[in-house]
Amino acid sequence: MRKMFDKFERIDPFIKMAMECLAIFIALCVLMQVVLYEAIIPSGSMYPTIAYPSLNFGYRLAYKISEPQRGDIVYFKRDTDNVAEQQVYIKRIIGVPGDVVEEKDGVFYLNGEVLKEDYLNEEPEKLNFGPFNVPDGCYFMMGDNRHNSADSRFWGFVPEDHIVGKASVVLFSTDKEKKFPKNIRWDRMFTWIK
């Protein structure tokens with residue numbers, strides 16, 4: 001055994017460093033594929049909670065150890081034949097299995113009571129739908145920017161097995177209206193998504 005360590009000590013320092021870097025790179029790749037989910041947010045459907053464009057990380061294993069909860073912001077895929085809509089979406093879970101969701105004149109009701117939504121920055125559109133029962137194994141998703149969000153109000157419930165992960169942190173965000181370096185939103189970098 002000692003001979004093996006002696007051989008490793010005699011390896012050229014450059015090769016040793018290259019092997020260590022390769023091991024770190026492989027570990028990061030596994031981490032990105034198994035544990036973390038990275039996404040670029042291309043629209044303002046979750047504004048003001050998540051400004052766009054921004055680079056975010058999510059936690060893939062979040063719902064392997066617990067159930068999705070009302071209020072969680074999640075990444076999910078839609079069940080659609082339209083190739084343009086076969087992308088990953090990010091929305092807030094509003095209704096969980098067994099909930100009754102309804103909207104009357106722009107007021108959203110959850111299980112017959114007005115839902116308090118402190119994360120909205122403007123009055124929602126005056127829509128009417130429901131009441132609908134959220135089926136077992138499905139979730140009702142809505143964007144925080146209701147005027148600019150295609151969500152469960154328009155295309156229905158999202159099956160749990162379509163959820164990719166829970167949104168966790170904003171890594172980087174820019175303002176498309178400004179030029180570099182003033183376009184970097186320093187106050188949003190490395191912030192937890194709530």
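Some points to look at:
- Rolling a 1.4 Å probe over the protein heavy atoms gives the range 50-152 an accessible area of 51 Å² per residue.
- Extension gain from Tyr109 to Val88, taking 0.36 nm per residue of separation minus the Cα-Cα distance: 4.9 nm
- Modelled spin labels at Met19 and Asp136, positioned 7 Å past Cα toward Cβ, are 5.5 nm from each other.
- Separation of the Leu55 and Phe129 label points, Cα + 7 Å toward Cβ, nm: 3.4 nm
- Mean silhouette area of the range 110-194, derived from the convex hull of its C-alpha atoms and averaged over all directions, reads 7.7 nm².
- You can think of it this way: the chain between Arg185 and Glu38 has 51.1 nm of extra reach, that is 0.36 nm per residue less the Cα-Cα gap.
- Across the cross-link table entries Lys64/Lys178; Lys91/Lys176; Lys104/Lys176; Lys126/Lys178; Lys77/Lys176; Lys16/Lys64, which are compared at the Cα atoms, the separations over 29 Å belong to Lys64/Lys178; Lys104/Lys176; Lys126/Lys178; Lys16/Lys64.
- Sulfur and carbon atoms: percent of accessible area, the chain [1.4 Å]: 58 percent
- Relative packing of 72-79, 147-154, 115-122, which averages over residues the other C-beta atoms within 10 Å, highest first: 72-79, 147-154, 115-122
- Radius 13 Å from Cβ of Arg185, net charge of other residues (Lys, Arg +1; Asp, Glu -1): +1
- The order of the peptides 98-105, 13-20 by mean Cβ neighbours within 10 Å, most packed first, is 98-105, 13-20.
- Against the empirical curve 2.2 N^0.38 Å, the C-alpha radius of gyration of the chain lands at a ratio of 1.34.
- Inter-label distance, nm, simple model (7 Å from Cα along the C-beta direction), Ala150/Ile26: 4.2 nm
The values are calculated or read from the model by the stated rules, or taken from the named source; none is laboratory data. Quick caveat: nothing in here was measured; it's all calculated off a predicted structure. Note that we place each Cβ from the backbone using ideal geometry, even for glycine, and neighbour counts take in every protein chain shown. Protein only, heavy atoms only, side chains kept; ligands, DNA and RNA dropped before computing areas. Shrake-Rupley method; radii C 1.70, N 1.55, O 1.52, S 1.80 Å.
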